[in-house]
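Here's the structure we're looking at; comments come further down.
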Amino acid sequence: MGFMNWRVKSAEVLQQGGVIAPDERLPWPQTAVMGVQHVIAMFGATVLAPILMGFDPNVAILMSGIGTLIFFLVTGGKVPSYLGSSFAFIGVVIAATGYAGQGPNANIAVALGGIIACGLVYTLIGALVQAVGTGWIERFMPPVVTGSVVAVIGLNLAGIPIKNMAASNFDSWMQVVTFVSVGLVAVLTRGMVQRLLILVGLIVASIIYAVLTNGLGLGKPMDLSALANAAWFGLPNFAAPVFEANAMLLIAPVAIILVAENLGHIKAVTAMTGRDLDRYMGRAFIGDGVATMVSGGVGGTGVTTYAENIGVMAATKIYSTAVFLLAGVFALVLGFSPKFGALIQTIPLPVMGGVSIVVFGLIAVAGAKIWVDNKVDFSQNKNLIVAAITLILGTGDFTLKFGQFALGGIGTATFGAILLYALLNRKAP
C-alpha cells in the first residue's frame, strides 16, 4: 500500500527539537508508545460522552478505533487524526430519547437512527467538498470563525473536570497535582518522556494519589477489585438502530458542527505541520461521516476528529499518521477487553479531571493558534464581535429551543459564528 510508506526518522530528531511530519514516522516501538498515549488522551472524553448519553463505553472505544481506521483509509493515510465520541451529540440525543441520566439508555435505538442520518448528511457534504472544493465552506467559515469554534469546544468542556470530577477539596488539590505534574513533565524533561507528557503526568499523579489515599488515608482509596475481577476478553453491548423521523430531524443537523470541528482541526494541523491538508478536506469529511454511520449502526456514539489528540500532537510535535494507524488498532483490541475498561476506571476521577483540564485547555489554545497563524485582524470590528460573542455563547452553554429541539452551547456558538460573520461581513457604504 503506497500510502503506508513513511520515511523513518530516528529518535535523535526529537532530542534536537525536531518535528515528525505526517508522512514520516519514528521506529515502530516509539510509534507504538505514541499510539498508546493517543488512546489514553482520547479515552476520558470518548468514555465520558457515551456515559452521559447512556451508551456502552466499550462500544464507543471499539468504534473509535474502527472509525479511526476508516478515516485513515478514506484519507489515504495523509491526515493525522483520531476519531472519538463527539460531545456535539449529547444534547440532541438526550432530547430525542428523553434520557434521565442514569444507567443504560432505554431509547438508544432511535438515537442511533439519528446518528446514522447525521453521518449520511456529513458524508454528502464531504462528497460536495470533494467535487467543488472547500471555497464555499471557507467563505462561510473563515479563520476567525473556525478558530472561535475550535476554542469553544475546549472552553465548553471546561466545566466537566472542574464541576463533575472533584467531589471534595482533596480531589480539587489532586487535580492541581495532576496538571502541575503534566506541566513539569512538559517543561523539565526531554525526548520521548517529554513527548509522552500526558501519559507520564497521569502515571505520576496516580502514584501520588495512591500514596496519599491508600497509604495515608487522606481521600477515597483506589479500588483495584473491579480490575482484578474483569475478564480479559468479552463482547461489548451492541445495539441496533431504529429510524424515526423526529429523532433524525433533531440529530442530523449536528453534521454542521462536525464540519466546523473537522475544518478547524485540519486548519490547526496544517498550521502546526506546515503541510497543506486542505485538498484532503472532502475525504476527511467523508471518512468521518462513514465512521459515524458505522458507529451508529452497532450502538456507538457519533464520532469526530478529536481535538484532544490534536492537543497531544501540538505538545509532542509528532504528526505521523502511522501513530494513528496503531492507535486505531489498539482501541479496536481494547474495545473487546473489559479488563482494559476496568483499568481506566481505576484511574482516580480527580487525576482524570486534572488531565482533562490540560487537554481541554490545549484545545482552546489550538483555536487561538488558528487566529494567530492566519493573522486574524482583531482591529476589524466584525472579527472582534464574531469571536467575542462565539466564545461566550459556547463557554456559557447558551441554549436555544425550537419547540422540542434544543441547540446547546457548541451548536449555538457554531451556527452563531457562521451567521454573525455572514451578517457582519458587508462592505461599508
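Per-structure values
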read-out: Meets criteria (modelled with pLDDT of 90 or more, farther than 24 Å from D223 by Cβ and more than 21 Å from the chain's Cα centre (by Cα)) for V180; value: yes
read-out: Of residues in segment 129-182 being part of a helix (DSSP H, G or I) and in contact with a Ser or Thr (Cβ under 7 Å, 6 or more places away or on another chain), the one most open to solvent (accessible area, probe 1.4 Å); value: L155
read-out: Meets criteria (open to solvent by 30 Å² or more (accessible area, probe 1.4 Å) and in contact (Cβ under 8 Å) with a residue 60 or more places away in the chain) for P50; value: no
read-out: Count of residues meeting criterion [over 21 Å from N262 (Cβ atoms) and in a loop (DSSP other than H, G, I, E, B)] in segment 305-335; value: 1
read-out: Number of the condition not met by N105 [criteria: (1) crowded, with 20+ Cβ neighbours inside 10 Å; (2) modelled with pLDDT of 85 or more; (3) in a helix (DSSP H, G or I)]; value: (3)
read-out: Conditions (1) assigned to a helix (DSSP H, G or I); (2) surrounded by 22 or more Cβ atoms within 10 Å (Cβ to Cβ); number of the one not met by S81; value: (1)
read-out: Residue check, R279 surrounded by fewer than 24 Cβ atoms within 10 Å (Cβ to Cβ), in contact (Cβ under 8 Å) with a residue 60 or more places away in the chain and of a type in the set (D, E, K, R); value: no
read-out: Candidate set from segment 183-193 (those that are part of a helix (DSSP H, G or I) and open to solvent by less than 50 Å² (accessible area, probe 1.4 Å)); member that is modelled with the lowest pLDDT; value: M192
read-out: Filter result (under 24 Å from the mean Cα position of the chain (by Cα), surrounded by 15 or more Cβ atoms within 10 Å (Cβ to Cβ) and not in a loop (DSSP other than H, G, I, E, B)) within segment 366-385; value: A366, G367, A368, K369, I370, W371, D373
read-out: Qualifying residue in segment 189-203 (condition: of a type in the set (A, V, I, L, M, F, W, C) and closer than 15 Å to P348 by Cβ); value: yes
read-out: Any hit, segment 217-226, residues being over 23 Å from I125 (Cα atoms) and touching a Gly at 6+ places or on another chain (Cβ under 6 Å); value: no
read-out: Odd one out for V351, checked against (1) surrounded by fewer than 24 Cβ atoms within 10 Å (Cβ to Cβ); (2) more than 18 Å from the chain's Cα centre (by Cα); value: (1)
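Residue-by-condition table, conditions (1) part of a helix (DSSP H, G or I); (2) open to solvent by 10 Å² or more (accessible area, probe 1.4 Å); (3) of a type in the set (K, R); (4) modelled with pLDDT of 90 or more:
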position	(1), (2), (3), (4)
H38	yes, no, no, no
L62	yes, no, no, yes
L69	yes, yes, no, yes
V110	yes, yes, no, yes
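The values are calculated or read from the model by the stated rules, or taken from the named source; none is laboratory data. Owing to the predicted nature of the structure, the values given are computational and were not obtained by experimental measurement. Because the Cβ atoms are built from the backbone with ideal geometry, glycine has one as well, and the counts that use them run over all protein chains shown. Accessible surface areas use protein heavy atoms only, side chains included; no ligands, DNA or RNA. Shrake-Rupley method; radii C 1.70, N 1.55, O 1.52, S 1.80 Å.
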